[in-house]
Amino acid sequence: MIALTQAERMTTEQYIHHYTPTKIDGDFVGKHVVTVEQFARPDMEVLFQAAYTLRKRIHAGDRSVLDLCAGKVMATLFFEASTRTDMSFQAAMLRLGGEVIATSGGVQFSSVYKGENLPDTIRAVACYADAIVLRHPEVGSSYQAAYYLDQLAERLGHQSVVISGGDGVGEHPTQALLDLFTILDYKDSLDHLQVTMVGDLRYGRTVHSLSKLIAIYGATHISLNFVSPDALQMPTNVVKFLNESGIQVNQTSELNEVIGESDVIYWTRIQQERFANPADYDAIADHFIMTPSVLAGAKDEAILMHPLPRKHEMGTPADHDVLDNDARSVYFNQMENGMFVRMALLAKVLGVREI
Ligand code: ASP
Ligand code: CP
């Protein structure tokens, strides 16, 4: 029997400390994407410019983009439910002219069902695909995948990249990229904005990544308001990162204190699937419901975002109809932008130079 190395004995979460992902630093080619901390503002500007260009070309019906990733293969490996991340990555790759593979019938029909672990699964997939989009319930899973892919690359002589599609309650870096792209689409700059994130800030990975990405992008006179029940406050490590980046945050459970001043309102779902005790979920499930009357308290030029899917934190289906027709609601635009930002990201990590 082969002895396990120290690395193999680590828990998935420990890979965050054990594996340091390479910064993008002006060159995306062959880089894994596991945390927003890999990006600097110039990297975001390059990526967003490419996403704008691709959006314009796709909306104009330009089919030449279909050649950009011809001959490349992307695999999806989703151990948690997804509609947008999974399908927008698939659509992105297809619209770039690449191919998409997944185990027939989803990961429950892969050899994971026979007990195969993540390191072996990811290495199998890397033999067949240039890029792997991974969503997994454990924090650090994409770091662990990146660690094993780097080792495999030495043996095989070619590198496959992993792109995180969400690591448990940790991060969702590509969501943050599309969120920031959307904010800049409507607001041009982050300077002098009040950004208010509401709901489950503890378990919601999108707000962990977005608030850090905003801090890295940088802005003068930006205010971040975190509105949540006490039990669902933003994790202290995220607040520490923000403070160390020079951003003071206002944490409150009173939406009324901040909604009227907010330029960006980022609503989130209470992450029911993360609660060990259903009673804990029930105790806070009805906090912070966005309805037309709540939105009436916001500025006319505010934007309302949501990573989706939405449940009752956006009111009833009748409330949805009213909210969806409000010019301030940009969550469907945000959702569409996901495909363009992911197209840009895939093209960049796969070495496309001409966008
Ligand atoms: N879709 C987002 C995520 O996977 C947000 C959510 O599920 O509430 O993190
Ligand atoms: N926003 C988001 O990640 O959506 P899915 O969970 O549907 O992928």
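In the stretch 232-255, which residue that is under 24 Å from GLY297 (Cβ atoms) and open to solvent by 30 Å² or more (accessible area, probe 1.4 Å) is modelled with the lowest pLDDT? Out of the qualifying residues, it is GLN248.
When LYS311 is tested against the conditions (1) under 24 Å from VAL198 (Cα atoms); (2) in contact with a helix residue (DSSP H, G or I) (Cβ under 7 Å, 6 or more places away or on another chain), the lone failure is (2). Evaluated against (1) of a type in the set (Asp, Glu); (2) touching a helix residue (DSSP H, G or I) at 6+ places or on another chain (Cβ under 9 Å); (3) surrounded by 15 or more Cβ atoms within 10 Å (Cβ to Cβ), ASP62 falls short on exactly one condition, (3). So which residues in the stretch 139-168 are without any contact (Cβ under 8 Å) to a residue 24 or more places away in the chain and farther than 16 Å from VAL349 by Cβ? Passing the criteria: GLN151, GLU154, ARG155, GLY157. For the stretch 74-104, the set of residues classified as of a type in the set (Val, Ile, Thr), crowded, with 18+ Cβ neighbours inside 10 Å and more than 16 Å from ligand 2 (Cβ to nearest atom) consists of THR103 only. All of PHE109, PHE79 fail the test of being among the aromatic types (Phe, Trp, Tyr) and touching a residue at least 24 places away in the same chain (Cβ under 8 Å), apart from PHE79. Taking helices (runs of 4 or more DSSP H) as the structural unit, those lying wholly within the stretch 218-298 and holding at least 3 residues that are without any contact (Cβ under 8 Å) to a residue 24 or more places away in the chain correspond to 236-244, 278-284. Looking at the structure I just gave you, is HIS320 at pLDDT 95 or above and not polar (S, T, N, Q)? Here the answer is yes, as HIS320 does meet what is asked. Restricting attention to the stretch 213-228, the residues that are in contact with a Phe, Trp or Tyr (Cβ under 8 Å, 6 or more places away or on another chain) and open to solvent by less than 20 Å² (accessible area, probe 1.4 Å) add up to 4. Each residue in the stretch 177-207 was checked for being open to solvent by less than 10 Å² (accessible area, probe 1.4 Å) and out of contact with any Lys or Arg (no Cβ under 8 Å at 6 or more places or on another chain), and 13 pass. Taking helices (runs of 4 or more DSSP H) as the structural unit, those lying wholly within the stretch 1-104 and holding at least 1 residues that are more than 16 Å from ligand 1 (Cβ to nearest atom) and among the basic types (Lys, Arg) correspond to 6-9, 41-59, 84-95.
Matching residues to (1) within 23 Å of PRO309 (Cα to Cα); (2) open to solvent by less than 30 Å² (accessible area, probe 1.4 Å):
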residue: GLU257; (1), (2): no, no
residue: ASP263; (1), (2): yes, yes
residue: TRP267; (1), (2): yes, yes
residue: GLN272; (1), (2): yes, no
residue: PRO278; (1), (2): yes, no
residue: TYR281; (1), (2): yes, yes
residue: ASP286; (1), (2): yes, no
residue: PRO292; (1), (2): yes, no
residue: LEU295; (1), (2): yes, yes
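Restricting to the stretch 329-354, give me the number of residues that are in contact (Cβ under 8 Å) with a residue 60 or more places away in the chain and charged (D, E, K, R). Counting residues in the stretch 329-354 that are in contact (Cβ under 8 Å) with a residue 60 or more places away in the chain and charged (D, E, K, R) gives 3. Just so you know, in the stretch 301-324 the residues that are under 20 Å from ASP179 (Cα atoms) and open to solvent by 30 Å² or more (accessible area, probe 1.4 Å) include one that is nearest to ligand 1 (Cβ to nearest atom), and it is PRO309.
So for the stretch 309-321 (the condition being within 27 Å of GLY165 (Cα to Cα) and of a type in the set (A, V, I, L, M, F, W, C)), does at least one residue qualify? There is at least one residue in the stretch 309-321 that is within 27 Å of GLY165 (Cα to Cα) and of a type in the set (A, V, I, L, M, F, W, C). Of the residues ASP130, ASP150, ASP167, the single one that is more than 13 Å from ligand 2 (Cβ to nearest atom), farther than 11 Å from HIS32 by Cβ and acidic (Asp, Glu) is ASP130.
Within the stretch 267-297, count every residue that is of a type in the set (S, T, N, Q) and more than 16 Å from ligand 1 (Cβ to nearest atom). Full working, then the answer.
Let us first name the residues in the stretch 267-297 that are of a type in the set (S, T, N, Q), namely 268, 271-272, 277, 291, 293.
Next, from what is left, pick out any that are more than 16 Å from ligand 1 (Cβ to nearest atom): 277, 291, 293.
Number of matching residues: 3.
Looking at the structure I just gave you, is GLU116 more than 16 Å from ligand 2 (Cβ to nearest atom), charged (D, E, K, R) and exposed (fewer than 15 other Cβ atoms within 10 Å of the Cβ)?
On the way: more than 16 Å from ligand 2 (Cβ to nearest atom): yes; charged (D, E, K, R): yes; exposed (fewer than 15 other Cβ atoms within 10 Å of the Cβ): yes.
So GLU116 fits the description; yes.
The values are calculated or read from the model by the stated rules, or taken from the named source; none is laboratory data. Just so it is clear, the structure is predicted and the values come from calculations on it, not from any experiment. Here Cβ is always computed from backbone atoms with ideal geometry, including for glycine, and neighbour counts include all displayed protein chains. Protein only, heavy atoms only, side chains kept; ligands, DNA and RNA dropped before computing areas. Shrake-Rupley method; radii C 1.70, N 1.55, O 1.52, S 1.80 Å.
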